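Beneath this line is the structure, given in structure tokens, with notes to follow.
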Amino acid sequence: MSRLRTLTAGVALAVVAASLVAVPAASAAAITAAADALDGTCASLRVYNGSSPVGYVVRSGSGYGFTSSASSATAFRLEATQLGRYELFGSDGKPAYQSVVSLILAGDAYGDRADWMVTKSGDRYRFTATATGQTMGSFLFSLGAAGSGYTVALATASGCFTPPDIDPGVSGTAAPGVDGSGNLVGTIDAHAHITAAAAFGGQMHCGEAWAPGGVQQALAGCDTHKSLNVGALFEAIVGGTDAVNSPEDGWPTFGDWPQHNSLLHEQSYYRSIERSWRAGQRVLNALLVANRAICELFPYRDTACDEMDEIRVQARYLYSMQDYIDAQSGGAGKGWFRIATTPAQVRAIAAQGKLAVTVGVENSELFGCRELNGVAQCTTAQIDAGLDELQSLGVSGLYPVHKFDNAFGGTRFDAGLSGAFVNLGNLLSTGHWWTATSCTGPHDNEQPLANDDLVKLLSLGVVGVPAGTALPVYPTGPICNTRGLTDLGRYLVQKMMDRGMIIHVDHMSVKTVQAVLDLAAAAHYPGVTSVHSWSDPAVIDRVLSLGGFVASYANAVPEFLAEWRTNNAAPHGRTIAGYGYGTDVNGLGDQANPRPNAAAGPLLYPFTAPNGTTVSRQVWGTRTFDVNTDGAAQYGLFADWTTDLIQQAGADGPLLRRQLMNGAESYVRMWEAAIAW
């Protein structure tokens, strides 16, 4: 049982608590649930040595002793830290931890030694310290490490401590996730990075989408991101935040973050994802993201910067996140967050009213396939092995090209200061700057003529550039990357089509993407997407012509509406049955800022979401979020943003609502067609 189920069942628990007070504790009901179904349990602990009872656990001094009196036993709350693992809170909120001197003591906060693996042993349980492997039992007449013959009987208790949590703020009965014909009814976020906490070496990003110690651990501030520290400086560069005034007051005050531009802080805590799901989202495409050059720039890290290693770490993080939500929801397979590796699984998950999470990959050195001064650093055998591995991890789609030129093709340039920064990364990854030529028609983002931005970056001394390196100068006006699809790129695209994988064409240079779409058109392959506004409008229309799927970057409301209208008005816009949004959350890109005219015409709370639920403002600790003033500062606010978007569409609102709520269905149909190809 989750924390929230405990909170929302307050009246029922009050009745139960009253009855427990009136009835002697010795007659409390025995607890015999599965070991992974104990989350939220309030229980007394009675320790046994074999078949002989030692006593009930009671708080004593800085630790715990035993009593023969059931009515004197301390009430413990079991709070799941992962499937079959728990934190044990005493009634005073202190977690029991296995000390280095073998005694079990009362601690101040979650840590490795406050984590307990629980397994069934008949009608009792065995508690084992996760960090040390020691079994809970009797040590020197106190609670402590003991032999494997010790077990614990649990019985219902009252008066337990309730740890802090975040309520999604959504109530009411949602409309079904599928209609009478089996079609999905709900929105899709086609581009999100909910595993970014484990990316870029593990420390560049502050905060977690989930953590064993709950919200207090997941959303704590980070010393590395405090004022004028390296994290604050990095965030100031990528997000424009204040590097001088960065107090890092995370839980529970959140005065410093999350903001719509606090790009190196967690914006997709799982309770926020839950809010969006409860308000009508049915599919979330979780893109595992990596960038070796950025990772190596940040001086602190826990994991390797090799991009495929980064992908593997994030895959484990994602599956562990699913397990954690299961643990919070009553046991394995019972959570609302379900990873889907096939379209059929998406449909089955939606039919259960749950959120289907698909897996993709977005990185520049896929399979180690860099190009170094024009020479590919991989082979077709590596591509085949890499695709096998990714599919074994549940990956259904990927970006052949991301921020840098690679062995598959050229990249679409970033613009402005961001472009200068990424161009520097291209130099580090490939040994050369971007090369461009003037072009007409579809084009890549323009670059400064005299690249002063690069001079400024290099003057900071963050990166050592070889002496004598000449800075690039680009033509004015529309330009195109000179690099297009390579032979290895053609091989990769063909193998992806053979496997029914989804080809993400965003970030490809015009020259590269036109070649990819030519291959898809010749093969009549529909499995192509553009899902976060990183393609030229003419390219997006070609995606539609092939039966592909399109979504727009979930940025400011006016910008999204303008692009949506443009795509619907395109030559193949009439083919749009369902439309998506791509949040790019945690992806080093701004989230939607507050609507400029929100003060004059705000979204009113509570509001009715497109799926019929009632949505109130979400509260994190002592901070209350409001999309009118915060924009999409954290993922839960996309429930608010979506409703506001539809309202701001005016006469187009009914069409936009219909296309958004058909977004998940359109995406799955495109995927099914790719597999059937």
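The values are calculated or read from the model by the stated rules, or taken from the named source; none is laboratory data. Keep in mind it's a predicted model, so treat the numbers as computed, not measured. Virtual Cβ from ideal backbone geometry, glycine too; neighbours counted across all protein chains shown. We work out accessible area using only protein heavy atoms, side chains counted, and drop any ligands, DNA or RNA first. Shrake-Rupley method; radii C 1.70, N 1.55, O 1.52, S 1.80 Å.
Taken about its Cα centre, the chain carries a charge dipole of about 1760 debye when Lys and Arg each add +1 at the Cβ and Asp and Glu each add -1 at the Cβ.
The phi-based Karplus calculation (6.51 cos²θ - 1.76 cosθ + 1.60; θ = phi - 60°) puts the 3J(HN,Hα) values of the range 302-315 at 9, 10, 5, 8, 3, 5, 6, 5, 4, 5, 5, 4, 5, 4 Hz, whole numbers, x for Gly and Pro. The modelled label-to-label distance between Asn245 and Ser616, using points 7 Å beyond Cα along the C-beta direction, is 3.2 nm.
Pairwise inverse Cα distances across the range 177-298, averaged and inverted, put the Kirkwood hydrodynamic radius at 15.6 Å. From largest to smallest, the equivalent ellipsoid semi-axes obtained for the range 363-415 from the alpha-carbon gyration tensor read 20, 15, 6 Å. Per-residue 3J(HN,Hα) values for the range 663-675, derived from phi via the Karplus relation 6.51 cos²θ - 1.76 cosθ + 1.60 with θ = phi - 60°, read x, 4, 5, 5, 5, 5, 5, 4, 5, 4, 5, 5, 5 Hz in sequence order (x marks Gly and Pro).
Close amide H pairs (under 5 Å, H built 1.01 Å from N) link Cys206 with His265, Glu266, residues at least 5 positions away or on another chain. Relative to the longest principal axis of the Cα atoms of the chain, helix 637-648 runs at roughly 50 degrees. For the range 622-677, the solvent-accessible area works out to 34 Å² per residue, with a probe of 1.4 Å and every protein chain left in place. Using alpha carbons only, how many angstrom separate the centre of the range 285-302 from the centre of the range 159-200? What the calculation gives is 26 Å, centre to centre.
Scoring 334-342, 248-256 by mean Cβ neighbours within 10 Å over their residues and listing the highest first yields 334-342, 248-256. Within the range 499-521, name every residue whose backbone N is under 19 Å away from a label modeled 7 Å from Cα of Thr342 along the Cβ vector. It comes to 499-502, nothing else.
Counting heavy atoms of the protein chains alone, Lys226 has an accessible area of about 90 Å² for a 1.4 Å probe. Between Ile166, Ile540, Tyr553, the Cα set farthest toward the positive side of the dipole of the chain (charges on each charged residue's Cβ, about the Cα centre) is that of Ile166.
Relative to one another, the C-alpha centroids of the range 612-632 and the range 554-606 are positioned 18 Å apart.
Against the chain, whose longest principal axis comes from its Cα atoms, helix 230-239 is set at around 50 degrees. Taking amide H as placed 1.01 Å from N in the peptide plane, Asp167 has its amide H under 5 Å from the amide H of Val619, each at least 5 places away in sequence or on another chain. In summary, the lysines within cross-link reach of Lys511, defined as a Cα separation below 22 angstrom excluding same-chain residues under 8 places away, comprise Lys403, Lys495. Note on the chain: helix-only mean residue ellipticity at 222 nm, from DSSP H runs of 4+ residues weighted -39500 (n - 2.57) and normalised by residue number, equals -9000 deg cm²/dmol. Over the C-alpha trace of the range 105-251, radius of gyration and Dmax come out as 22.4, 66 angstrom. Kirkwood radius for the range 601-665, taken over all pairs of different Cα atoms as the inverse mean of 1/r, rounds to 12.5 Å.
Computed packing ranks the peptides 571-582, 233-244 as 571-582, 233-244, most packed first, by mean other Cβ atoms within 10 Å. Close amide H contacts of Gly144 (hydrogens built in the peptide plane, cut-off under 5 Å, sequence separation of 5 or more or a different chain): Ile104, Gly137, Ser138, Phe139. Projected over all directions and averaged, the alpha-carbon convex hull of the range 527-677 occupies 9.8 nm².
The alpha-carbon of Lys354 sits under 18 angstrom from the alpha-carbons of these aspartates and glutamates, leaving out residues fewer than 8 places away in its chain: Asp167, Asp179, Asp189, Glu274, Asp323, Asp326, Glu665. Neighbours of Asp242, meaning other residues whose beta-carbon lies under 13 angstrom from its beta-carbon, give a summed charge of -2 when Lys and Arg score +1 and Asp and Glu score -1. Relative contact order of the chain, taken over Cα pairs closer than 8 Å and 6 or more residues apart, is 14 percent. Taking the square roots of five times each eigenvalue of the Cα gyration tensor of the range 299-353, the equivalent ellipsoid has semi-axes of 28, 15, 6 Å, listed largest first. Each Cα pair under 8 Å and six or more residues apart adds its separation to the average, and for the range 348-442 the resulting relative contact order is 28 percent. Computed from Cα atoms, the angle from the helix 380-392 axis to the main principal axis of the chain rounds to 40 degrees. Couplings 3J(HN,Hα) for the range 655-660, derived from phi with the Karplus relation 6.51 cos²θ - 1.76 cosθ + 1.60 (θ = phi - 60°), are 5, 4, 4, 4, 5, 5 Hz, where x marks Gly and Pro.
Take every Cα pair under 8 Å whose residues are at least 6 apart in sequence, average their separation, divide by the length of the range 60-143, and the relative contact order is 26 percent. For the chain, the Stokes-Einstein estimate of translational diffusion at 25 °C and a viscosity of 0.890 mPa s comes to 92 µm²/s, using the Kirkwood hydrodynamic radius over alpha-carbon pairs. Test of understanding: extend the Cα→C-beta vector of Val375 to 7 Å, then name every residue of the range 398-432 with backbone N under 19 Å from that spot. Of the residues in the range 398-432, 405-409, 427-432 have backbone N under 19 Å from the label point off Val375. Here each label is just a point 7 Å from Cα along the line to Cβ, and for Ala676 and Ser60 those points are 7.0 nm apart.
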